[in-house]
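Contents: one structure, followed by commentary.
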Amino acid sequence: MPVSHPIPFLSAGFRPMFLGAAIWGAVSMALWILYWTGLTGWSPSWDALDWHVHELLFGYGAAVLCGFLLTAIPNWTGRAPVSGLPLLMLFTLWLMGRAAITWGAAQPLHTAMALAFPLLFTLVATHEVIKGGNRRNLPIIVLCALYTLGNLLFILGANETSLIQSNTLLNSSGLGARIGLGVMILLISLIGGRIVPMFTRNWLKQHHIPGAPPAEFARPDAAILLLSATALMLWCAQPEQALTGIALILTGCAHIWRLSRWQGQRTLREPLLSGLHFGYGFVPLGFLLLGGANLTDAIDPLAGLHAWTAGAIGTMTLTVMSRASLGHSGRPLKSNRLEQVFLMAMVIAGLLRVISALGVAPVPMLHSSACLWMLAFALFALRFAPMMFSPRR
């Protein structure tokens, strides 16, 4: 729902949150690579790996989730979007959280600063959905609350508080991270299952491309979502068990079948659409690799984790941010050369990071992936920053 606002940058959630997410996606990766290679004197107060995981999963990821939902909820409910001072407050709290985690010490004040944004955002989203009578999307709000819980557990574990100091599940590869990542993958499965076939169907019809339309959401999709939630809960609770591995592999196969029904092969000429299919393709890849890692030592579980993070989250969010920024700023949903470059860079970055984790030229692949990741977000910021500060066309 477009609205007129004297400050365009604060007229809709996608403007500050998507731009902030893109800049932080590039900057945080640069800091991580500089630290990892010993080329900077900067060092986080946490374990460096904890910082890296948190700032991409709960820093970048939370900004994208906030920007998406604050832009989508008005369409779902018919209510005016959150804008102006409330939006500025949310964005400021997000920035304060990044500063607290990156440069602050592990103490209660910085923990409160880091959690203020996700807590307030979840409350705002809940209020908007309930006031709009949009009970159909309450499961998304529940997932936002679980995501915030994962953030809390992660921060407590990283701070090594005396309460949970002996609980080894609460660290960079532990329960909080698994909850947060599991929620993001479930959200991609849920929301992606709505928008990917719908956008594909509309595009194929608009361009008069013959052939069968993408399958609409039906009972098999609901069953796959239930299977996904079950497998992810098992993974959160018992990440290394053989039963969990079998469940993950079965879920990955189900997602491959689901994706095959969406006619992605007919969208390759439009990266703003094919990027959604490529991004979703990393979801079953992550399930299969993580499941396989539970059953054989030949597969490093980092391959599955990065299929979900660098691949699914990176590609899906960058594509959705591009589409939403164009559409909600009044521009046509057609990619230009710059968008084609950074969306392809993100897909390749995800693939190279998985290949690196599988042990194929690990260091060159890692650095190549990181460079393409930073390039993709830097080009996104270059392309969309002027739009974020300009009125809707």
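Against the definition (hydrophobic (A, V, I, L, M, F, W, C), without any contact (Cβ under 8 Å) to a residue 24 or more places away in the chain, within 28 Å of Ser11 (Cβ to Cβ) and surrounded by fewer than 14 Cβ atoms within 10 Å (Cβ to Cβ)), how does Ala80 come out, yes or no?
Values: hydrophobic (A, V, I, L, M, F, W, C): yes; without any contact (Cβ under 8 Å) to a residue 24 or more places away in the chain: no; within 28 Å of Ser11 (Cβ to Cβ): yes; surrounded by fewer than 14 Cβ atoms within 10 Å (Cβ to Cβ): yes.
Considered against the rule, which asks whether it is hydrophobic (A, V, I, L, M, F, W, C), without any contact (Cβ under 8 Å) to a residue 24 or more places away in the chain, within 28 Å of Ser11 (Cβ to Cβ) and surrounded by fewer than 14 Cβ atoms within 10 Å (Cβ to Cβ), Ala80 comes out as no.
Given the options Phe91, Phe9, Phe58, name the one that is at pLDDT 95 or above, farther than 26 Å from Leu149 by Cβ and under 23 Å from the mean Cα position of the chain (by Cα).
Details: Phe91 fails: farther than 26 Å from Leu149 by Cβ; Phe58 fails: farther than 26 Å from Leu149 by Cβ.
Only one candidate passes the filter, namely Phe9.
Condition (residue is surrounded by fewer than 22 Cβ atoms within 10 Å (Cβ to Cβ) and either among the β-branched types (Val, Ile, Thr) or closer than 21 Å to Gly350 by Cβ (or both)) applied to the stretch 306-317: is it met by at least one residue?
Checked the stretch 306-317: no residue is surrounded by fewer than 22 Cβ atoms within 10 Å (Cβ to Cβ) and either among the β-branched types (Val, Ile, Thr) or closer than 21 Å to Gly350 by Cβ (or both).
Among the residues of the stretch 356-376, what is the count of those that are open to solvent by 70 Å² or more (accessible area, probe 1.4 Å) and hydrophobic (A, V, I, L, M, F, W, C)?
If we filter the stretch 356-376 for residues that are open to solvent by 70 Å² or more (accessible area, probe 1.4 Å), which is where we start, we get 358, 360, 363-364, 371, 375.
If we keep only those that are hydrophobic (A, V, I, L, M, F, W, C) as well, we get 358, 360, 363, 371, 375.
So the answer is 5.
Going through Leu170, Leu163 one at a time, which residue ends up being at pLDDT below 95, open to solvent by less than 20 Å² (accessible area, probe 1.4 Å) and either among the acidic types (Asp, Glu) or not in a helix (DSSP H, G or I) (or both)? It would help to see each step written out before you state the result.
Numbers: Leu163 fails: open to solvent by less than 20 Å² (accessible area, probe 1.4 Å).
That would be Leu170, the only listed residue that is at pLDDT below 95, open to solvent by less than 20 Å² (accessible area, probe 1.4 Å) and either among the acidic types (Asp, Glu) or not in a helix (DSSP H, G or I) (or both).
Taking the conditions exactly as written (exposed (fewer than 15 other Cβ atoms within 10 Å of the Cβ) and not small (Gly, Ala, Ser)), does Arg337 satisfy them or not?
Values: exposed (fewer than 15 other Cβ atoms within 10 Å of the Cβ): yes; not small (Gly, Ala, Ser): yes.
So Arg337 fits the description; yes.
Looking at the stretch 72-81, can you tell me whether even one residue there is closer than 21 Å to Thr309 by Cα and not in a helix (DSSP H, G or I)?
Looking only at the stretch 72-81, we keep the residues that are closer than 21 Å to Thr309 by Cα, and these are none.
The answer is no; no qualifying residue exists.
Does Pro214 fit the bill of being open to solvent by less than 20 Å² (accessible area, probe 1.4 Å) and free of Cβ contacts under 8 Å to residues at least 60 places away in the same chain? Explain how you work it out, then say what you get.
On the way: open to solvent by less than 20 Å² (accessible area, probe 1.4 Å): yes; free of Cβ contacts under 8 Å to residues at least 60 places away in the same chain: yes.
It is true that Pro214 is open to solvent by less than 20 Å² (accessible area, probe 1.4 Å) and free of Cβ contacts under 8 Å to residues at least 60 places away in the same chain.
Mind checking which helices (runs of 4 or more DSSP H) fall wholly inside the stretch 237-343 and carry at least 3 residues that are closer than 30 Å to Pro386 by Cβ and small (Gly, Ala, Ser)?
Values: elements: 242-260, 271-295, 301-306, 314-328.
In the stretch 237-343, 271-295, 314-328 are the helices (runs of 4 or more DSSP H) which contain 3 or more residues that are closer than 30 Å to Pro386 by Cβ and small (Gly, Ala, Ser).
Take the stretch 190-206 and flag every residue that is open to solvent by 70 Å² or more (accessible area, probe 1.4 Å) and more than 24 Å from Ile313 (Cα to Cα). Lay out the reasoning, then the answer.
First, the residues of the stretch 190-206 that are open to solvent by 70 Å² or more (accessible area, probe 1.4 Å): 198, 202, 205-206.
The answer is Lys205, Gln206.
Which residue is nearest to Val347 (Cα to Cα), if the candidates are limited to the stretch 268-305 and must be acidic (Asp, Glu) and touching a helix residue (DSSP H, G or I) at 6+ places or on another chain (Cβ under 7 Å)? Spell out the reasoning first.
Keep residues of the stretch 268-305 that are acidic (Asp, Glu), which gives 270, 297, 300.
Remaining after also requiring touching a helix residue (DSSP H, G or I) at 6+ places or on another chain (Cβ under 7 Å): 270, 300.
Working: Glu270: 14, Asp300: 21 Å.
Checking each candidate, the answer is Glu270.
Residues that are touching a residue at least 60 places away in the same chain (Cβ under 8 Å) and open to solvent by 50 Å² or more (accessible area, probe 1.4 Å): does the stretch 86-101 have at least one?
yes
Only one of (1) in contact (Cβ under 8 Å) with a residue 40 or more places away in the chain; (2) assigned to a helix (DSSP H, G or I); (3) under 24 Å from Leu305 (Cα atoms) is not met by Val27, so which one is it?
Val27 satisfies every listed condition except (1).
Determine, yes or no, whether Met388 is among the aliphatic types (A, V, I, L, M) and farther than 22 Å from Gln265 by Cα.
Values: among the aliphatic types (A, V, I, L, M): yes; farther than 22 Å from Gln265 by Cα: yes.
Yes, satisfied.
Condition test on Thr111, is it hydroxyl-bearing (Ser, Thr, Tyr) and either in contact with a strand residue (DSSP E or B) (Cβ under 6 Å, 6 or more places away or on another chain) or under 26 Å from Ser228 (Cα atoms) (or both)?
On the way: hydroxyl-bearing (Ser, Thr, Tyr): yes; either in contact with a strand residue (DSSP E or B) (Cβ under 6 Å, 6 or more places away or on another chain) or under 26 Å from Ser228 (Cα atoms) (or both): no.
So Thr111 does not fit the description; no.
The values are calculated or read from the model by the stated rules, or taken from the named source; none is laboratory data. Source: prediction; values computed, not measured. Here the Cβ is made from the backbone with ideal geometry for all residues, glycine too, and neighbour counts use every protein chain on show. Calculation scope for accessible area: heavy atoms of the full protein, side chains included, ligands and nucleic acids excluded. Shrake-Rupley method; radii C 1.70, N 1.55, O 1.52, S 1.80 Å.
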